[in-house]
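Have a look at the structure below before the remarks.
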Amino acid sequence: MWIGTTLGLCRFNRYFLSDCDRNSGRNRRLTAYPDPDGFFSDAVWVIHQDRAGHFRFGTSKGLIKYEGGRYTRYTTEDGLAGNEVKAIVEDRAGQLWFGTWGGLTRYAESQFRSYTEQDGLASDHIRALYEDADGILWIGTYDGGLGRFKDSRFTCYTTKNGLFNNGVFQILEDGRGYFWMSCNRGIYRVKRQELNDFANGKARWLTSVACGKNDGLLTLECNGGRQPAGWKGRDGRLWFPTAHGAAVIDPSRIELNQRPPRVVIEEFRLNNEAVPAREIITIPPHSNLEILYHGLSFIRPEHQRYRYQLAGIDDDWVEAGGRRAAYYTHLPPGKYTFTVLAANSDGVWNTQGASLRLEVLPAVWQAWWFRGGSLASVIVLVLLAFQRRIARLKREHAMRDTYSRQLLASQELRERELDILVDKRTKDLQEAKRELEEMNQNLEDAGRSRANGGLRQIGGDRCP
């Protein structure tokens, strides 16, 4: 017999053991294995033997494989999701699964493949692994609820979906189709078919039933963090370790209560004051509402569960657990219907429930006439602003036209002045040219006159 302890690994070879420590191992039938490489210097959380007869030990420092008298250590450097190995299971295909304090790891074909929250895992802090008859792997976590792995797809179940608690220390299946799981608030069960229906989109909520002190538990604190944290006996009874000893559950002796509880709305409070029940309760604006309800059943009433919905506000049913009150503040004006459902301690729901009709009155600024008047005022203001805008645009357009006309007139005036100036200059030039031509002509005439006079004088002198 192999024994994992918080101080290392031991092996028992006889039928008697009174103590399990190093001192008793030296003198009795208990052998403490040496760990020259530090393999077992810390806690050994899980011991597993595969179909080939090889042992694997999950420790706080990694995974140890024992084969042929040799130890081989595997850590995150080899592909493990975490060095603290809490659970080991071998599936029907011969693949090994390791639940660690860092994620889930699969070992197949001599290779590790790890999964974490980024891959859809419910939580990286794994405490339990279980493969059911359909080959589906179920993963129990410390704080993330229950996980399901099938066809390479993860499904997560938490208290938001109806799970009793997000802690899953051990997963045991009875012969009636229920999973029994332990946590630090007791032991609870969920129907496996309901979990599968949720994963396949056929169900929206889970029904989980818890066992507490009124059911015989001496304490709600169950032990976990090592494997196994529970055991199913050959007689079908389920064993769970707790802080005050072992708890035993015999599922075959549990009689289910098939009668759903009658649901009543006990009281309606408006701003902390009770309001008499009416067919329709009118509510002033900006009010605080409290609706108290109760499921009528004398069989373990402390384990009844509730869910409610305020149509028009809640998109889906609100899972209230054991809380018997719903709260709403500052609802917008309108008509609403509040409906509450209840399940008995065995998870049988009253699907009709109880209803309450509410009408929230609008504030002054929310009234139709105020909104209509405000809308009309806005329209008038918009029209006035539009008219003013049009008038201003017209004025601006007229001013631009006037300016354009003035500019055009100015340009025409300048052109006329330029034409006059050009004409004047042309005339001046023509006059100057005429005068110059006259002067030239006069000069030519004077020149010819002198020439002719000179010739006559020369001719006179030559005459005898």
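The values are calculated or read from the model by the stated rules, or taken from the named source; none is laboratory data. Keep in mind the model is a prediction, meaning the values are calculated, not measured. Virtual Cβ from ideal backbone geometry, glycine too; neighbours counted across all protein chains shown.
Would you pick out the residues in segment 196-218 that are surrounded by 14 or more Cβ atoms within 10 Å (Cβ to Cβ), farther than 17 Å from E302 by Cα and either charged (D, E, K, R) or in contact with a Ser or Thr (Cβ under 8 Å, 6 or more places away or on another chain) (or both)?
D197, F198, A199
Of the residues that make up segment 334-347, is at least one at pLDDT 90 or above, in the same structural domain as I281 (by TED's automatic domain parsing) and not in a strand (DSSP E or B)?
Within segment 334-347, one or more residues are at pLDDT 90 or above, in the same structural domain as I281 (by TED's automatic domain parsing) and not in a strand (DSSP E or B).
Kindly provide the set of residues from segment 299-333 that are closer than 28 Å to I254 by Cβ and outside any strand (DSSP E or B), ordered by number. I'd like the intermediate steps shown before the answer.
Our first condition is that a residue be closer than 28 Å to I254 by Cβ; within segment 299-333, this holds for 299-307, 317, 319-324.
Once the filter is applied, which keeps residues that are closer than 28 Å to I254 by Cβ and outside any strand (DSSP E or B), segment 299-333 yields I299, R300, P301, E302, H303, Q304, W317, G322, R323, R324.
Quickly run through segment 145-163 and pick out the residues that are touching an Asp or Glu at 6+ places or on another chain (Cβ under 8 Å), modelled with pLDDT under 95 and surrounded by fewer than 23 Cβ atoms within 10 Å (Cβ to Cβ).
T159, K160, N161
Only one residue in S287, S297 is surrounded by 14 or more Cβ atoms within 10 Å (Cβ to Cβ), over 33 Å from the mean Cα position of the chain (by Cα) and touching a residue at least 24 places away in the same chain (Cβ under 8 Å), so which one is that?
Unique residue meeting the criteria: S297.
Please state which one of T329, T402 is surrounded by fewer than 15 Cβ atoms within 10 Å (Cβ to Cβ), of a type outside the set (A, V, I, L, M, F, W, C) and touching a His at 6+ places or on another chain (Cβ under 9 Å).
Just one listed residue meets the conditions, T329.
Filter segment 133-163 down to residues that are outside any loop (DSSP other than H, G, I, E, B), in contact with a helix residue (DSSP H, G or I) (Cβ under 8 Å, 6 or more places away or on another chain) and in contact (Cβ under 8 Å) with a residue 60 or more places away in the chain, then give me how many there are.
The total comes to 1.
Restricting to segment 132-164, give me the number of residues that are farther than 14 Å from K191 by Cβ and within 20 Å of the chain's Cα centre (by Cα).
Of the residues in segment 132-164, 12 are farther than 14 Å from K191 by Cβ and within 20 Å of the chain's Cα centre (by Cα).
Out of V248, V264, which single residue is surrounded by fewer than 18 Cβ atoms within 10 Å (Cβ to Cβ), over 30 Å from T100 (Cα atoms) and among the β-branched types (V, I, T)?
V264
Considering only segment 214-244, state which residues are within 36 Å of the chain's Cα centre (by Cα) and basic (K, R).
R226
Could you tell me which residue of segment 221-272 is nearest to V85 (Cα to Cα), considering only residues that are touching a residue at least 24 places away in the same chain (Cβ under 8 Å) and among the charged types (D, E, K, R)?
R226
Considering every residue within segment 356-374, establish whether at least one is touching a strand residue (DSSP E or B) at 6+ places or on another chain (Cβ under 7 Å) and of a type in the set (K, R).
Within segment 356-374, one or more residues are touching a strand residue (DSSP E or B) at 6+ places or on another chain (Cβ under 7 Å) and of a type in the set (K, R).
Does V248 satisfy the criteria of being under 21 Å from Y308 (Cβ atoms) and β-branched (V, I, T)?
No, not satisfied.
Yes/no matrix, rows are residues, columns are (1) over 30 Å from L292 (Cα atoms); (2) under 31 Å from the mean Cα position of the chain (by Cα); (3) touching a residue at least 12 places away in the same chain (Cβ under 8 Å):
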{"position": "Q309", "(1), (2), (3)": "no, yes, yes"}
{"position": "D315", "(1), (2), (3)": "no, yes, no"}
{"position": "A325", "(1), (2), (3)": "no, yes, yes"}
{"position": "G334", "(1), (2), (3)": "no, yes, yes"}
{"position": "V360", "(1), (2), (3)": "no, no, yes"}
{"position": "V378", "(1), (2), (3)": "yes, no, no"}
{"position": "L381", "(1), (2), (3)": "yes, no, no"}
{"position": "A398", "(1), (2), (3)": "yes, no, no"}
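When only residues in segment 74-99 that are part of a strand (DSSP E or B) and in contact with an Asp or Glu (Cβ under 7 Å, 6 or more places away or on another chain) count, which is surrounded by the most Cβ atoms within 10 Å (Cβ to Cβ)?
Step one: list which residues in segment 74-99 are part of a strand (DSSP E or B), which gives 74, 85-90, 96-99.
When the remaining residues are screened for being in contact with an Asp or Glu (Cβ under 7 Å, 6 or more places away or on another chain), the result is 89-90, 96-97.
Working: V89: 19, E90: 18, L96: 19, W97: 22.
Among them, the one singled out is W97.
For a quick check of your reading of the model, give me the residue pairs whose first member lies in segment 198-217 and is without any contact (Cβ under 8 Å) to a residue 60 or more places away in the chain, whose second is of a type in the set (D, E) and crowded, with 16+ Cβ neighbours inside 10 Å, with beta-carbon atoms closer than 7 Å and at least 6 apart or on different chains.
A203/E194; L206/E194
Kindly indicate which of R357, R371 is basic (K, R), surrounded by 10 or more Cβ atoms within 10 Å (Cβ to Cβ), closer than 30 Å to L270 by Cβ and modelled with pLDDT under 85.
R371
Every residue in segment 164-177 that is crowded, with 21+ Cβ neighbours inside 10 Å and either part of a strand (DSSP E or B) or touching an Asp or Glu at 6+ places or on another chain (Cβ under 6 Å) (or both), please.
Q170, I171, L172 - these are the residues of segment 164-177 that are crowded, with 21+ Cβ neighbours inside 10 Å and either part of a strand (DSSP E or B) or touching an Asp or Glu at 6+ places or on another chain (Cβ under 6 Å) (or both).
What about K394, is it modelled with pLDDT of 85 or more, charged (D, E, K, R) and either closer than 30 Å to P333 by Cβ or not assigned by TED's automatic domain parsing to the domain that holds H330 (or both)? Even if it seems obvious, please write down each step before you answer.
Values: modelled with pLDDT of 85 or more: yes; charged (D, E, K, R): yes; either closer than 30 Å to P333 by Cβ or not assigned by TED's automatic domain parsing to the domain that holds H330 (or both): yes.
Against the criterion (modelled with pLDDT of 85 or more, charged (D, E, K, R) and either closer than 30 Å to P333 by Cβ or not assigned by TED's automatic domain parsing to the domain that holds H330 (or both)), K394 qualifies.
Provide a single number: the residues in segment 219-249 that are assigned to a loop (DSSP other than H, G, I, E, B) and either outside the structural domain of F169 (by TED's automatic domain parsing) or closer than 20 Å to G140 by Cα (or both). Quick ask: steps written out before the conclusion?
As a first pass, look at segment 219-249 and keep what is assigned to a loop (DSSP other than H, G, I, E, B): 219-221, 223-230, 233-237, 243-244.
Restricting the remaining residues to those that are either outside the structural domain of F169 (by TED's automatic domain parsing) or closer than 20 Å to G140 by Cα (or both) gives 220-221, 223-230, 243.
Counting residues in segment 219-249 that are assigned to a loop (DSSP other than H, G, I, E, B) and either outside the structural domain of F169 (by TED's automatic domain parsing) or closer than 20 Å to G140 by Cα (or both) gives 11.
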